[in-house]
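The values are calculated or read from the model by the stated rules, or taken from the named source; none is laboratory data. All figures in this text were calculated on a predicted structure; none of them were measured in a lab. So basically every Cβ, Gly included, is an ideal-geometry build from the backbone, and we count neighbours across all protein chains shown. Heads up: the accessible areas ignore ligands, DNA and RNA and are worked out on the full protein's heavy atoms, side chains in. Shrake-Rupley method; radii C 1.70, N 1.55, O 1.52, S 1.80 Å.
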Amino acid sequence: MFQVAARFPNPLCRFLIPRASVLVEPVRGRKTRADPKAKSKTGRLKVPPPVDPVEMVVLKERFTHYDLIIRALRFEFKEEVMRGRYEQEVGSLAEERAKQEAEEHRALMAWNDAENLRLRKLREERVMKQLEEAELKRAERIFQKEKEIESFLMEKEQEILQLQEEAKTFITLENLDQRIEEALDNPKSYNFAIDKEGRVVKRTVLQ
């Protein structure tokens, strides 16, 4: 039996109870387990209610009948489930189900082949389009490269023509005497001052 810890005025008294006991708080308004029996029920003896023999026989028969009915229903339901499972595994339903599964498999394979063919066509079209785009880009790069080369050649040709024109004024062994005479006949003074805009503002006269 559990020992009941009564409500002590001092809470520290609760810790003085032995450890083997269990603290069970009593319900407020009701007697505790340690309270004695009420004075009005001191001599009272608890007697079970009387049982009618006829009623007991009737209830026993009805319970037996109910148990037989429930057991028969269980056996019938179990037999029906087992019969259905047997027919699904080895009976006519199994053959019909195998036919349905074969037909379903055939339909799924046909759908799979059609889907693979459709995806193959889409993939081929995509690859052809990518090849065409790559060829177009390559042609554009080649055209751009040729255009750059042509522009470079034209620029170099202009530089060569300009150098050829400038080479006419170069001093060589053949025209060295002529250039010396021209320089002596036309003296030039490079001693001059210029402003911020680059204009000559003062020049020293040769003597």
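Miscellaneous remarks
- Criterion (part of a loop (DSSP other than H, G, I, E, B) and either at pLDDT 85 or above or open to solvent by less than 90 Å² (accessible area, probe 1.4 Å) (or both)) met by exactly one of R33, R120, R62, R71: R33
- I160 vs. criteria among the aliphatic types (A, V, I, L, M), closer than 30 Å to A183 by Cβ and open to solvent by less than 100 Å² (accessible area, probe 1.4 Å): yes
- Filter pass, R179 being assigned to a helix (DSSP H, G or I), closer than 30 Å to Q88 by Cα and of a type in the set (K, R): no
- Consider segment 123-151 and keep the residues that are among the polar types (S, T, N, Q) and more than 32 Å from the chain's Cα centre (by Cα). The one that is most open to solvent (accessible area, probe 1.4 Å) is Q144.
- The numbered conditions (1) loosely packed, with under 10 Cβ neighbours inside 10 Å; (2) of a type in the set (D, E, K, R); (3) within 60 Å of the chain's Cα centre (by Cα) are all true for R199 except (3).
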